[in-house]
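The values are calculated or read from the model by the stated rules, or taken from the named source; none is laboratory data. Note that the structure is a prediction, hence the values are computed from the model and not measured. Every residue, glycine as well, gets a Cβ built from its backbone with ideal geometry; the counts of neighbours run over all protein chains shown.
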Amino acid sequence: MTKSFLQRGIHGARGLAVAALITGTIATAVVPGISAQSASVDPKLLGQMASITLDQSALPDGYTLVGEAFLDADHAGYANIDAKSLTDAGFLGRYVSYYENTSQKARIVSYVSAWSSEDAAKAGFDLTEDEAKTNPGATLTDSDASVGDEPHELTTGTFKEGDTSIGTADLTFRSGSFLVGVDLEKTDGSQPDASVTETLAKTAADRASAVIGGTNPQYTDLTLAVESLPLLGLGTGVQSGFLTPTEVENVYGVQGSSLSKLTASWTETIAVGADPKQVPYVTVGLTTFASADEAKAVVTGAADLTPTLANLKAVENVTVDGADSAAAFTFTSSATGATAADSYRVLVTKGTLLIVIDVQGAPSVELATETATNLVKAQLGCVGQASCPAPTLPAGLAG
């Protein structure tokens, strides 16, 4: 179950809006996210987990993405289970997507954990689904659920989040060496409709089966996760995952734009600085389209799609070796409170692929420019490769 994660992790960023994150297409202002970890993770595994969790298209109307992130053993959020117990059991990582419907006082958490084998996943189920240990004091009832592979269970009841009573219907199941789950919660303490959870869990099971079988669920592409410059080992993770066209357009408050034509969009954002400031933020976004012209349309119209940012200024005559088209902007990050430009964003296309590199809140705009320029060159070198080495960030970037 995800109760301790919600209590100790995601809800620390309760006010986080997706518009404050970097999307896989255009960058906006960034605030610290939901993952306080810096460990690297196998890109293929990360992409698999991000593909299994539900996106907005699978949810009832009215739910908005708050955030999604990879969690290592040190930050997995299982109360009263330490990192060594997890890793000894074969735990490889956990991925969580969190959505809210404020008008209905409801939230949906879609999650998946990866284990070293099917037997490890079964043992991991017994370890992590022991609510008497992970959520003592809650009033919860387990029942069987015929979703996915065994073991599986539906947990209903209530638990406390501070002084607030939360109603939950949480279904967890195994799919191969993954443990997958969907948690529907009511923040007014009422009991959620368990049939909704079961329907959503069946969709997650279908996605898991597709991923295990080597197929990409809609709006995902494991190639993007593998070819993307790996950032998670270089700072604190803010956002990692896929976004649907609707989710991307919701960020910018547009409909029917060039963004609506994307086929898959992957983004990773890290905070490089030390707490509590955490700036600068570095983002790599890869997005595919059905045609090269559709990808170029985003670059051509980038200024119109970009939300209003302080001191936004287009860089003239931008060219990047190996790219088919390019555009770049300098601006001031809202995360720093600075008055002068301290951020640089570059967008390039190569065939049907759009690459966005964003460096926000650097000590100087010159260092932001240097960093983004080097990263986009490195990212172009990873296109079509079976793996992508971690980049080196310049000295002084973290201030």
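General observations
- Output for the range 120-150, where each listed residue is among the charged types (D, E, K, R) and either in contact with a Phe, Trp or Tyr (Cβ under 6 Å, 6 or more places away or on another chain) or free of Cβ contacts under 8 Å to residues at least 24 places away in the same chain (or both): D130, D142, D144
- Residue in the range 204-211 that is in contact with a Lys or Arg (Cβ under 8 Å, 6 or more places away or on another chain) and either closer than 21 Å to V66 by Cα or surrounded by 23 or more Cβ atoms within 10 Å (Cβ to Cβ) (or both) present: no
- If you filter the range 266-306 down to residues that are touching an Asp or Glu at 6+ places or on another chain (Cβ under 9 Å) and modelled with pLDDT under 90, you find that the one that is nearest to C388 (Cα to Cα) is T269.
- Failed condition for V147, given (1) in contact with a Ser or Thr (Cβ under 7 Å, 6 or more places away or on another chain); (2) closer than 18 Å to L200 by Cα; (3) hydrophobic (A, V, I, L, M, F, W, C): (1)
- Subset of the range 124-160 (residues that are surrounded by 13 or more Cβ atoms within 10 Å (Cβ to Cβ) and hydrophobic (A, V, I, L, M, F, W, C)): F125, L127, A138, L140, A145, V147, L154, F159
- The range 287-327: number of residues that are farther than 18 Å from T373 by Cα and either in contact with a Pro (Cβ under 6 Å, 6 or more places away or on another chain) or of a type in the set (G, A, S) (or both): 8
- Residue match in the range 183-194 (condition: in a helix (DSSP H, G or I) and either under 23 Å from the mean Cα position of the chain (by Cα) or surrounded by fewer than 22 Cβ atoms within 10 Å (Cβ to Cβ) (or both)): yes
- Condition met for A208 (modelled with pLDDT of 95 or more and within 26 Å of D61 (Cβ to Cβ)): yes
- Residue pairs whose Cβ atoms lie under 6 Å apart, separated by 6 or more positions or on different chains, with the first residue in the range 229-243 and in the same structural domain as T373 (by TED's automatic domain parsing) and over 20 Å from A274 (Cα atoms) and the second surrounded by fewer than 24 Cβ atoms within 10 Å (Cβ to Cβ) and basic (K, R), do not occur.
- Test for L259: is it of a type in the set (A, V, I, L, M, F, W, C), over 16 Å from the mean Cα position of the chain (by Cα) and either buried (at least 24 other Cβ atoms within 10 Å of the Cβ) or within 24 Å of A378 (Cβ to Cβ) (or both): yes
- Contacts under 6 angstrom Cβ, first residue in the range 85-98 being farther than 21 Å from K133 by Cα, partner modelled with pLDDT under 95 and not in a strand (DSSP E or B), 6 or more apart: Y98/I10
- Selection within the range 309-325 - of a type outside the set (D, E) and either buried (at least 20 other Cβ atoms within 10 Å of the Cβ) or assigned to a loop (DSSP other than H, G, I, E, B) (or both): L309, V315, N317, V318, T319, V320, G322, A323
- Residue within the range 227-246 that is crowded, with 16+ Cβ neighbours inside 10 Å, in a helix (DSSP H, G or I) and modelled with pLDDT of 95 or more present: yes
- Among (1) closer than 18 Å to T269 by Cα; (2) assigned by TED's automatic domain parsing to the domain that holds N317; (3) outside any helix (DSSP H, G or I); (4) of a type in the set (A, V, I, L, M) - the single one A398 does not satisfy: (2)
- Among the residues making up the range 302-331, those that are within 14 Å of E366 (Cβ to Cβ) and among the β-branched types (V, I, T) are V315, T330.
- Looking across the range 63-117 at every residue that is assigned to a strand (DSSP E or B) and aromatic (F, W, Y), the one that is nearest to Q48 (Cα to Cα) is identified as Y95.
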